[in-house]
């Protein structure tokens, strides 16, 4: 749970692609979605790859990330205050080449109680290698760098053991039923608010 050790999170602008807001992690760069990136993603792998400066695998997009999701994010990002509180592309440096391997992000800004919900999806060939765990760790840390955030939540189906393992590795604990039938919720509290 490296997010507990970080004090101030460093966001930066990608020097090669100046409009991109990025966060670094141990093995990846997380790139915040922008309207330009989402429109490129809707056009296909080549336009998205060109903007990210990365190869997009043939089996893009990852599970649970479809055109409907992209259009939702596009509407969300019409409000500039939502940038960063949407999803982030996961980009890995691989043998002198950048490679897009999944997404991780929030479903919007913190609610009135200070809670945000996080979600993640990694392409099958990159699963079980710690990428989702690392991305969640980085974004939980980023979320808690905002004083208004008191809790990060995640919802999943109870049989998705890999997803639950990602949450548990990041300090999330079971907190009850989720917002939809059959879904469970896990959450982690801001360390200084426990």
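Residues in region 166-194 that are assigned to a loop (DSSP other than H, G, I, E, B) and either touching a residue at least 40 places away in the same chain (Cβ under 8 Å) or closer than 25 Å to residue 131 by Cβ (or both): 170, 171, 172, 178, 183, 190. State whether one or more residues within region 128-142 are in contact (Cβ under 8 Å) with a residue 40 or more places away in the chain and more than 15 Å from the chain's Cα centre (by Cα). No, region 128-142 contains no residue that is in contact (Cβ under 8 Å) with a residue 40 or more places away in the chain and more than 15 Å from the chain's Cα centre (by Cα). For region 77-94, the set of residues classified as touching a helix residue (DSSP H, G or I) at 6+ places or on another chain (Cβ under 7 Å) and under 19 Å from residue 121 (Cα atoms) consists of 86, 87, 88, 89, 90, 91, listed by residue number. Within this structure, residue 20 passes the test of being over 19 Å from residue 153 (Cα atoms), buried (at least 19 other Cβ atoms within 10 Å of the Cβ), touching a strand residue (DSSP E or B) at 6+ places or on another chain (Cβ under 6 Å) and modelled with pLDDT under 95. All of 116, 100, 91, 56 fail the test of being buried (at least 22 other Cβ atoms within 10 Å of the Cβ), within 24 Å of residue 172 (Cα to Cα), at pLDDT 95 or above and touching a strand residue (DSSP E or B) at 6+ places or on another chain (Cβ under 8 Å), apart from 116. Inclusion of residue 137 among residues that are part of a loop (DSSP other than H, G, I, E, B), touching a helix residue (DSSP H, G or I) at 6+ places or on another chain (Cβ under 8 Å) and at pLDDT 95 or above is not warranted.
The values are calculated or read from the model by the stated rules, or taken from the named source; none is laboratory data. Note that the coordinates shown come from a computational prediction; the quantities given were computed from them, not determined experimentally. A quick note on method: Cβ atoms are made from the backbone with ideal geometry, for glycine too, and the neighbour counts reach across all protein chains shown.
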